[in-house]
1. Just give me the residues in the stretch A:172-219 being part of a loop (DSSP other than H, G, I, E, B) and within 14 Å of another protein chain (Cβ to nearest Cβ), in sequence order.
2. Determine whether A:Ile148 is within 14 Å of another protein chain (Cβ to nearest Cβ) and in contact (Cβ under 8 Å) with a residue 40 or more places away in the chain.
3. From the list A:Ile20, A:Ile56, A:Ile29, pick out the single residue that is assigned by TED's automatic domain parsing to the domain that holds A:Leu184, farther than 30 Å from A:Gln155 by Cα and loosely packed, with under 15 Cβ neighbours inside 10 Å.
4. Just checking, which of B:Ser130, B:Ser141 is under 18 Å from B:Trp87 (Cα atoms), open to solvent by 40 Å² or more (accessible area, probe 1.4 Å) and in a helix (DSSP H, G or I)?
5. State all residues of the stretch B:53-72 that are within 14 Å of chain A (Cβ to nearest Cβ) and touching a residue at least 40 places away in the same chain (Cβ under 8 Å); if no residue qualifies, say none.
6. Could you grab me the full set of residues in the stretch B:98-107 that are within 14 Å of chain A (Cβ to nearest Cβ) and either in a helix (DSSP H, G or I) or farther than 16 Å from A:Leu171 by Cβ (or both)?
7. Hey, can you tell me all the residues within the stretch B:47-76 that are of a type in the set (Ser, Thr, Tyr) and part of a helix (DSSP H, G or I)?
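The values are calculated or read from the model by the stated rules, or taken from the named source; none is laboratory data. The structure displayed is predicted, hence computed values, not measured ones. With ideal geometry, Cβ positions are generated from the backbone for all residues, glycine too; neighbour counts draw on all protein chains shown. Accessible surface areas use protein heavy atoms only, side chains included; no ligands, DNA or RNA. Shrake-Rupley method; radii C 1.70, N 1.55, O 1.52, S 1.80 Å.
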Amino acid sequence: MFSNEHKLYLKNIRKKNLLIRLSQFIIIILFIVIWQILADKNLINTFIFSSPKKVIDTVINLHQTNNLYQHIWITVYETLISFLLGTGIGIVIATIMWWNKFIAKVIDPYLTVLNSLPKVALGPIIIIWSGAGIKSIILMALLISTIITIINVYQGFSDTDVNKIKLMKSLGANKRQIYTKLILPANYNSIISTLKINISMSLIGVIMGEFLVSKSGLGYLIMYGSQVFNLNLVIAGIVILCIIAAIMYYLVLYIEKRFKR
Amino acid sequence: MVKNVILKIKNMKKIYHTPKNEILAIDDFSLDLLDREFIAIVGPSGCGKSTILSILSGIENLSSGKVENKKNSSIGYMLQSDNLFEWRTILENCLLGLEINGELNDENKKYVLDLLETYGLKDFINAYPSNLSGGMRQRASLIRTLATKPDILLMDEPFSALDYQTRLAVSDDVYNIIKKEKKAVIMVTHDISEAISMADKVIVLSNRPTKIKKIIDINLSDKANPIHNRKAKEFSYYYDLIWKEIDFHV
C-alpha cells in the first residue's frame, strides 16, 4: 500500500515514540529503586525520607482500614463540585458582563485585585465565616477557579469578531439572539479550554482548603501525617494525589478532544 | 417606463464622536433609489462609504437628515467579508436570517434550498464554510442575504476579498442573481471598472466629510452581464470620467 520509504518513515516514528516512553518509564523505576537502595543501606533517614516499601505498606494499610477510598472520594467530590459550580458561576458572570458593559467596567478593578490576590490569604476569614467543614473547602476552591473562568470567558466573549456581530445586527438580531447564536457557539472552544484549566484550579483550591480545615480528604491526610510526623503517610498522600491529578488531566484531555470542533 | 422611487435619502449627516474631537463623516448626502435600480457608490478609501450603508440598514443612527422608505421595503445587507459561521453548515448559515426573524418554515426553507440549487451550491448545503472556495462562500453569503427576501440589497465591497479572476466570475454570478430576483441595489466599491460594469448609476463621493461629487448615469450600448459590459465601447470614457472625479491621495 505504502512505498518502502514511507514504511521506513512510519517505523522511525514508532521507534522514537517507543524510546520516549521507555525513557519515561526508566526514570521513574530508577528513582524508586535508588530511593529504596538508599533507605536499605541506611544512607537516608527513613523516618524523614520514608521509602517506597513503606509508602506501599501505608497505602495497603489505608486500603485495609477502608480509609483510603473515603479520603480519595472526599477530595474528588469536593473538586468536582467546585469545578462545576466554578465553571457555571464563571460563565454566568462573564455573560452578565458581556451583556452590560457598564457592569463590566465597574467591576474590572475588583476582579483584577481578586485575581492577583493569593486566595489562601482569605483562608482564615473563610473558616470563620463558613465553618470548618466542606463548605469552606469548596468556597476556597471556588474563589480560585471562578475568577480565572470569569476573566478567560469574558475575554473570549469580548473578542468575538465585530463583523459577525454587525452581520447579526443587519439581520435584525436582538441581544439575546446575538448571545445564543453567535457569542456562545463562537466561544465554544475557548470555554472547553477554560474547563481544562479549571479542573486543576479546583484541585489546587480543594487541597489548599483541606490543608486549612478538614477531617478527611487527601489534603487532610498529608497535613495530618506531617503533624504526627508520619512521613510515610505524607508521601503516600502525595503519590495518590499525583495519580488522581493525572487521571483528571487525561479525562479532561479526552473530553477536549471529543468535544472540541 | 417611469420607475418609482423606493428609497429617498435626504440630507443625511453623520458625526462620529471621540473624546478628543468630533469627525464629520457624511455631510448632506441625498440620493433616490428607484425600483430595481443598481447604484454603485465609489470614492476614496476611508471616506465613509460603508457608513452610509450601515445607516441605511439600521445598524447605525444618522445625526440629522432623513431616510424615507417609500414602500416600506425590506433591506438586506451583504457585508464585505462573508462572515459565514464556521460551526454552521452552508444551509444553516443561509437560514440564519430566517431563524432570527422567526420566519423559519417549510416554505421559506424550500425557497433557500432552491436558491442554493439554482446558484450551484446544492452539493455543499451540508458542508462547512471551510470546505468552500472564496467565490462559493461569497455566493452563500448572498443567498443568506436573499433568504429573507429583501426588496433592497446593500452591498459593501462584496468582492474585495476575492482574487481577480474569481472576482470577475462572482460579480457576474451575483449580478445575474440580482437581476433575476429583481432587486434594487446600492453597492459600495472602490473598483471603478466593477462599478461601471454593474451599475445603472455611479455616485462619486468626495473625501471626508463625504459629499456627493458627481452622479453619472451609465448608458452602455448593448448592456448585458458585467464581463460583457467591460467590452462596451463607452467603458473607457466612463472610466476616465470617474477616475478624474475621485481624489486619490497616494
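1. Those that are part of a loop (DSSP other than H, G, I, E, B) and within 14 Å of another protein chain (Cβ to nearest Cβ): A:Gly172, A:Ala173, A:Asn174, A:Asn187.
2. Criteria not met by A:Ile148.
3. Exactly one of A:Ile20, A:Ile56, A:Ile29 is assigned by TED's automatic domain parsing to the domain that holds A:Leu184, farther than 30 Å from A:Gln155 by Cα and loosely packed, with under 15 Cβ neighbours inside 10 Å, namely A:Ile56.
4. None of the others qualify; the one that does is B:Ser130.
5. B:Leu53, B:Ile55, B:Leu56, B:Ser57, B:Glu60, listed by residue number.
6. B:Leu98, B:Glu99, B:Ile100
7. Those that are of a type in the set (Ser, Thr, Tyr) and part of a helix (DSSP H, G or I): B:Ser50, B:Thr51, B:Ser54, B:Ser57.
A quick yes/no check of all residues on (1) open to solvent by 60 Å² or more (accessible area, probe 1.4 Å); (2) outside the structural domain of A:Pro118 (by TED's automatic domain parsing); (3) touching a residue at least 12 places away in the same chain (Cβ under 8 Å); (4) under 21 Å from the mean Cα position of the chain (by Cα):
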residue	(1), (2), (3), (4)
A:Gly156	no, no, yes, yes
A:Lys169	yes, no, no, no
A:Ser202	no, no, yes, yes
A:Ile222	no, no, yes, yes
A:Leu233	no, no, yes, no
